[in-house]
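One structure is given below, encoded as structure tokens.
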Amino acid sequence: MIITKEDILKIAEPFEQMYGDMSNEILILMAEFIGQDIDEPIDVWQEKKIKQIQILLKMVRNIQKGYPYLRLINHALNETVDESLKEVEPALKKGAEAGMLSVASDVASSLSLNDLKKIKKQEFAKTFANMNSEMVNGVNQSFNKAITNVVVKYNQKTGRMYEILDDAVRKTLEGQARQEAVTETIRQMIEENIPAFVDKAGRKWSAEAYANMYSRTNVHNMAIETVNKRNEDYGNDLIQVDKHAGARPLCAPYQGKIFSTSGRSGTVEDAFGKKHRFKPLSSTSYGEPAGLFGINCGHNPSPFIPKVSNLVAKPLTKEEKKENDRIYQESQQQRAIEREIRKAKTEEIALKKAGIDDEKAKQKVKDKQAKMRSFIKETGRTRRYDREQVIQLKEEKK
Ligand SMILES: [Zn+2]
């Protein structure tokens, strides 16, 4: 009946995809810069790279400009409204036909929903703009660090070479040292990824991970607001909270109960004439990050229409809940392996762009693909080759 965690994940997915693509594109570009001029004496190389930083940052900003933020935001917000009202809207309409609610104009012309969309659109756009400038800072730091790393690693590897051998042999060894220094540095750079957000605890979030967390949280939040606002469009302020097993302590006491979104308390009759007490939604943990409808909360409201609705009698059975969890867990697992594949491919491409043909990187891609094959075989899920591409959004456009 209500929007599920799986629905939310699906709606939020393109944002994670976009930032994953963007990060990979930037990492590959950085690797290309590192690989250029590497045959020059190391101090000459270092000087050239430091001079190139501003060009690199400009190219990074251009890469960022190439992504369809507004199209994705509009699409996600519209989907959230459609998905969360799929069964709510007919129920409200029925309530209006039964004379228990006032008649509302259609969804597309709802002023409150259009306002909500406008606000959310601005919030998403602002968050992405902040992420982008944080990423530019991140690239700056990470590229400077990479330059230093290549020099340090090269010097370590060649430190005692002057003592030895004839020129030709030494040149070969220096060439090898260069390749190793560049390979190790690029690997480390990809491993560390590009941060797009630093939280209060000082933890750096990769663009991909932050886009995932932010968009899931906000799609869920949007879904809740959509139901509450649409309910109010029909002149109703009563909602009930769904029930599920394993609810968090700040949610558990409110499951299956009726609340008023306009701050009233009182009693209301259900379809059988049975009376139920309700309290203001603001009297719950609503609004706290770990509270009802907060971050990672799996609960959703649905309208409670006087004399039409009934209380959700029972939560999902243990088996149903287990099945839901299994599906969700498996989709998360598949996403994780897809990320591993993309990372391995990014490494392979990045090294190639830096002029290095690395067998280990190729093998890593094959290993991760084999891991996916056995996961798919084990679970019977559908493999998503599109999500295993390094740059997915742009591939789709071709
Ligand atoms: Zn909850």
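The values are calculated or read from the model by the stated rules, or taken from the named source; none is laboratory data. Just so you know, these numbers come straight off a predicted model, no measurement behind them. Here Cβ is always computed from backbone atoms with ideal geometry, including for glycine, and neighbour counts include all displayed protein chains.
Of all the listed residues (E32, E25, E6, E40), the sole one being at pLDDT below 95 and within 30 Å of R384 (Cβ to Cβ) is E6. All conditions but one from (1) in a loop (DSSP other than H, G, I, E, B); (2) more than 26 Å from the chain's Cα centre (by Cα); (3) not β-branched (V, I, T) apply to G287; the one that does not is (2).
Conditions tested, residue by residue: (1) loosely packed, with under 14 Cβ neighbours inside 10 Å; (2) under 21 Å from I119 (Cα atoms); (3) in contact with a Leu (Cβ under 8 Å, 6 or more places away or on another chain).
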| site | (1), (2), (3) |
| --- | --- |
| D21 | no, no, yes |
| N24 | no, no, no |
| M30 | no, no, yes |
| K48 | no, no, no |
| E79 | no, yes, no |
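Across region 284-337, the qualifying residues are those that are within 16 Å of the ligand (Cβ to nearest atom) and among the charged types (D, E, K, R), and the one among them that is modelled with the highest pLDDT is E288. Considering only residues of region 254-267 that are part of a strand (DSSP E or B) and surrounded by 18 or more Cβ atoms within 10 Å (Cβ to Cβ), which is farthest from the ligand (Cβ to nearest atom)? The residue in question is S260.
Filtering region 101-108 for residues that are surrounded by 13 or more Cβ atoms within 10 Å (Cβ to Cβ) and in a helix (DSSP H, G or I) leaves a non-empty set. Residues in region 194-225 that are part of a loop (DSSP other than H, G, I, E, B) and surrounded by 22 or more Cβ atoms within 10 Å (Cβ to Cβ): I194 only. For region 148-170, the condition holds for no residue, the condition being that it is free of Cβ contacts under 8 Å to residues at least 40 places away in the same chain and in contact with a Pro (Cβ under 9 Å, 6 or more places away or on another chain).
D115 passes every criterion in (1) over 22 Å from A354 (Cβ atoms); (2) in contact (Cβ under 8 Å) with a residue 24 or more places away in the chain apart from (2). Restricting to region 242-253, and then to whatever is of a type outside the set (G, A, S) and near the ligand (Cβ under 8 Å from one of its atoms), can you tell me which residue is modelled with the lowest pLDDT? Top of the filtered list is R248. Out of curiosity, is L281 over 23 Å from Y328 (Cβ atoms), within 16 Å of the ligand (Cβ to nearest atom) and buried (at least 17 other Cβ atoms within 10 Å of the Cβ)? Answer is yes for this residue. Annotation: of all residues in region 226-241 being away from the ligand (no atom under 16 Å from the Cβ) and closer than 18 Å to L292 by Cα, the one that is surrounded by the most Cβ atoms within 10 Å (Cβ to Cβ) is T226.
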